[in-house]
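Readers should treat all values here as calculations from the given coordinates under stated rules, not as data from a laboratory. Everything numeric in this text was worked out from a predicted model, so none of it was measured. Positions of Cβ are backbone-derived with ideal geometry, glycine not excepted, and every protein chain shown enters the neighbour counts.
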Amino acid sequence: GGMTALLEVDDLRVRYGRSTALSGVDLTVSDGELVAVAGANGAGKSTLVNAVAGWSRGKVSATGAIRLGGHDIATLPAHKRTKLGVVLVPEGKSVFERMTVEENLRMVRPPREASGRRYEVSDVYDVFPQLPARAHARCSTLSGGERQMVAIGRALRAAPRLLILDEPSVGLAPRLVVEVLEHIRELVTSGLSVLLVEQNVRATLEVADRLYLLEQGQVVGAGPCTEMRDDDRIVSAYLGRL
Ligand code: ATP
């Protein structure tokens, strides 16, 4: 202990109207850590990452502390959190389909006060070596994997301190899931901190440092992936018999 985590979520409770989506979630992400959140549909994974980024859909009420580098950001609007380096790639479409790859990447500029690493477009191409060949292709013509790389590339352009990815592999073929997760791992190896929602628990356990298991709005298990691989709840719900 001793070191303050980059992200600290403390007793987070979120309700949509009268229905409770999160009932007291504690979570941390340290500098340079890849932390994954898994759980069934409706467990509250998107609610959790949206609350961290300050995105609210509809009638949401949230309580609890959300600290970035020790400072409470829970009451800041989403755009201020982005400037501080909390950058969320939401589930689903987050590229402009009718624009080219390069246009998508160029239109995002790091905020002046950005404290995260600044990625030039060429840096994004270094991260995703298959993108330069597609630089002038419209995003509507990309494969699902390429499109996801552009979405992550756009987030990198915003100079994140904490990159949050909500189900980046949804809809991708298994081979591409592994490829996208390996790219995410490389980003973390180069110093980025990542909070990842992922439904492919088997593949996630191979790349993440720690995993939180969410059920009905509560953390029912958490620990290093090396240990979570043997957790009965993980094995029975996600890994099954080999
Ligand atoms: P999925 O894998 O399906 O995305 P999830 O784990 O991300 O699921 P959430 O989307 O966070 O789960 O949903 C948690 C609970 O909150 C669910 O019961 C869901 O129906 C409810 N919920 C989510 N968004 C809203 C909203 N905008 N208004 C009302 N209820 C919502």
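At a glance:
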| read-out | value |
| --- | --- |
| DSSP bridge pairs, the chain: antiparallel proportion in percent, nearest 5 | 60 |
| For the stretch 100-116 and the stretch 18-96, distance of Cα centres in Å | 21 |
| Contact order relative to length of the stretch 1-128, as percent, for alpha carbon pairs under 8 angstrom and 6 or more apart | 24 |
| The stretch 48-92: C-alpha gyration tensor shape, a/c 1.5 cut-off, then a/b vs b/c | oblate |
| For residue 39, distant residues with modelled amide H under 5 Å away | 214 |
| The chain, relative contact order [Cα under 8 Å, separation at least 6], % | 26 |
| Burial ordering of 141, 20, 82, fewest other beta-carbon atoms within 10 Å first | 141, 20, 82 |
| Only Lys, Arg (+1) and Asp, Glu (-1) charged, at Cβ; the chain dipole about Cα centre in debye | 1000 |
| In Hz, Karplus ³J(HN,Hα) per residue of the stretch 208-219 (6.51, -1.76, 1.60; θ = phi - 60°; x = Gly, Pro) | 7, 7, 10, 10, 10, 9, 9, 9, 6, x, 10, 7 |
| Sequence of 16, 119, 125 once ranked by neighbouring C-beta atoms within 10 Å, starting from the fewest | 16, 125, 119 |
| Residue of 161, 138, 112 that the Gaussian network model of the chain assigns the largest fluctuation, springs spanning Cα pairs under 10 Å | 112 |
| Derived scalar couplings ³J(HN,Hα) [the stretch 15-26; Karplus, 6.51 cos²θ - 1.76 cosθ + 1.60; whole Hz; x for Gly, Pro] | 10, 9, x, 9, 9, 7, 9, 10, 10, x, 9, 10 |
| Relative contact order (%) - the stretch 73-206, alpha-carbon pairs under 8 angstrom, separation at least six | 32 |
| Ellipticity estimate at 222 nm from DSSP helix runs (n ≥ 4, -39,500 (n - 2.57)) divided over the chain, nearest 500 | -8000 deg cm²/dmol |
| Prolate/oblate/rounded label for the stretch 139-187 (Cα gyration tensor, a/c 1.5) | oblate |
| Options 60, 159, 38, ranked by Cα towards positive dipole end of the chain, top entry (Cβ charges) | 60 |
